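See below for the structure under consideration.
What follows is calculated from the coordinates using simple rules that are stated; it is not laboratory data. Please read all numbers here as calculations on a predicted model, not as lab measurements. Please note: Cβ atoms are built from the backbone with ideal geometry, for glycine as well, and neighbour counts cover all protein chains shown.
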Amino acid sequence: MLYSPINYQGNKSRIVDHLLAVLPQNVTSIHEIFCGSAVFSFASNVHNLFLNDINTHITDVVRYFQNNEADDIIDQADAIIAQYGLTNTFYEGKEPYPEKKHEGLSRYNKEAFNRLRNDYNTDKDIAKLFVLLIYGFNHYLRFNAKDEFNVPVGKVDFVKTLRDKTREYCQATKNREITITNYDFRRDELYRDVETSAIYYFDPPYLITQAPYNLFWTEKEEIDLLHIIDALNDSGYRFILSNVVESNGKHNDLLDRWMQQYNVKHIYRQYLNANYRKKNLGHADEVIITNF
Ligand SMILES: C[S@@+](CC[C@H](N)C(=O)[O-])C[C@H]1O[C@@H](n2cnc3c(N)ncnc32)[C@H](O)[C@@H]1O
């Protein structure tokens with residue numbers, strides 16, 4: 001199991017052990033086309049990683065971990081936390097900050113968080129972005145059309161578990177050969193001059209679930225992707241695709257029909273769907289599709 005401290009939406013920590021279980025031993029490189037925080041690649045012991053994501057902000061964060069030691073990342077975060085007067089209950093304890101129900105630490109941090117967010121949107125300092133991801137609502141990484149980070153304050157601060165995850169995730173980026181690109185998944189360069197001992201890993205936005213990056217994912221993108229994967233299969237490449245065929249009563253018929261030609265591992269999951277009015281049990285059918 002590998003967790004990242006930024007808990008990027010759609011990251012594969014929850015199913016990473018299932019993914020590692022299908023990863024063949026003799027793979028010489030992983031080409032992760034929708035890498036996000038690249039939890040699967042970093043959880044593997046494969047040395048050569050080719051990480052691609054259209055979103056430069058998430059790959060900047062990955063690079064920040066790759067190029068820095070965990071102690072320095074944590075020290076820099078603590079310095080920014082102190083500079084802006086954010087809570088730091090790891091050192092201060094929780095007593096000074098009695099929490100009202102559902103609010104967590106948000107009311108203590110709101111003003112300082114907004115100042116930090118304004119400053120980050122001016123200077124785009126990556127260490128500040130890391131602190132914003134820790135203190136931001138649900139650790140979301142979201143920018144508006146003007147390329148401004150626009151997530152509101154969240155409920156937690158830099159607690160021990162997030163410090164531990166920072167160390168663990170940072171360590172996982174070390175001693176690797178990593179190439180990062182920011183292409184659309186259809187770019188030829190991603191599929192050129194790749195040895196057949198490599199493996200492709202695809203974890204695209206999902207047609208039937210919600211995340212900020214899913215907004216731009218339509219049936220057209222889905223069909224283009226499935227064509228690319230079929231072509232890789234025809235050329236003798238191995239691939240892994242993770243996706244969701246059923247979630248919250250929605251079904252991805254297109255994917256369901258297409259995946260019948262390959263090997264499919266189902267991971268069924270139940271989760272509590274809670275809103276202010278009612279609570280009900282949702283279920284999801286997450287799939288890992290391979291051609292080997
Ligand atoms: C489900 S997330 C991947 C999460 C990742 N597996 C992890 O562990 O964090 C899907 C990713 O696809 C990226 N994406 C969306 N559209 C894309 C496109 N057209 N080309 C390349 N990447 C894209 C998003 O920015 C997002 O990071």
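As a quick test, which of the pairs 174/220; 155/265; 110/165 have an alpha carbon distance above 28 angstrom in this structure? Beyond 28 Å between Cα atoms: 174/220; 155/265. Looking at region 193-292, the pairs of alpha carbons with a distance over 18 Å make up 52% of the total. Only helices enter the 222 nm calculation for the chain: every DSSP H run of n ≥ 4 contributes -39,500 (n - 2.57), and dividing by all residues gives -11000 deg cm²/dmol, rounded to 500. Summarising the amide proton neighbourhood of residue 142: residues at separation of 5 or more, or on other chains, whose placed amide H is nearer than 5 Å comprise 150, 151.
Under a point-charge model restricted to the Cβ atoms of Lys and Arg (+1) and Asp and Glu (-1), what is the dipole moment magnitude of the chain relative to its Cα centre, in debye to the nearest 20?
Working: 33 positive and 40 negative charges, 237 e Å.
The dipole magnitude comes to about 1140 debye.
Translational diffusion coefficient of region 11-92 (Stokes-Einstein, Kirkwood radius from Cα pairs, 25 °C, 0.890 mPa s): 164 µm²/s. The share of C-alpha pairs in region 64-169 whose separation exceeds 20 Å stands at 36 percent.
Please work out the C-alpha center-to-center distance from region 106-175 to region 178-201 and express it in whole Å. Here the answer is 29 Å between Cα centres.
Report the charge-dipole magnitude of region 17-136 in Debye, nearest 20, computed about the Cα centre from +1 at each Lys and Arg Cβ and -1 at each Asp and Glu Cβ.
Values: 10 positive and 17 negative charges, 96 e Å.
Roughly 460 debye, rounded to the nearest 20.
Across q = 0.10, 0.12, 0.13, 0.19 Å⁻¹, region 131-270 modelled as identical point scatterers on its alpha-carbon atoms has Debye log10 I(q)/I(0) values of -0.51, -0.73, -0.85, -1.32, in the order of the q list.
In plain terms, the chain from residue 56 to residue 214 could stretch by 55.3 nm, reckoned as 0.36 nm per residue minus the Cα-Cα distance. Binning the C-alpha pair distances of the chain at 10 Å intervals from 0 yields a P(r) profile of 6, 26, 33, 24, 10, 2, 0 %, listed from the shortest bin outward. The calculated Kirkwood hydrodynamic radius for region 169-217 is 13.9 Å, given to one decimal from all distinct C-alpha pairs.
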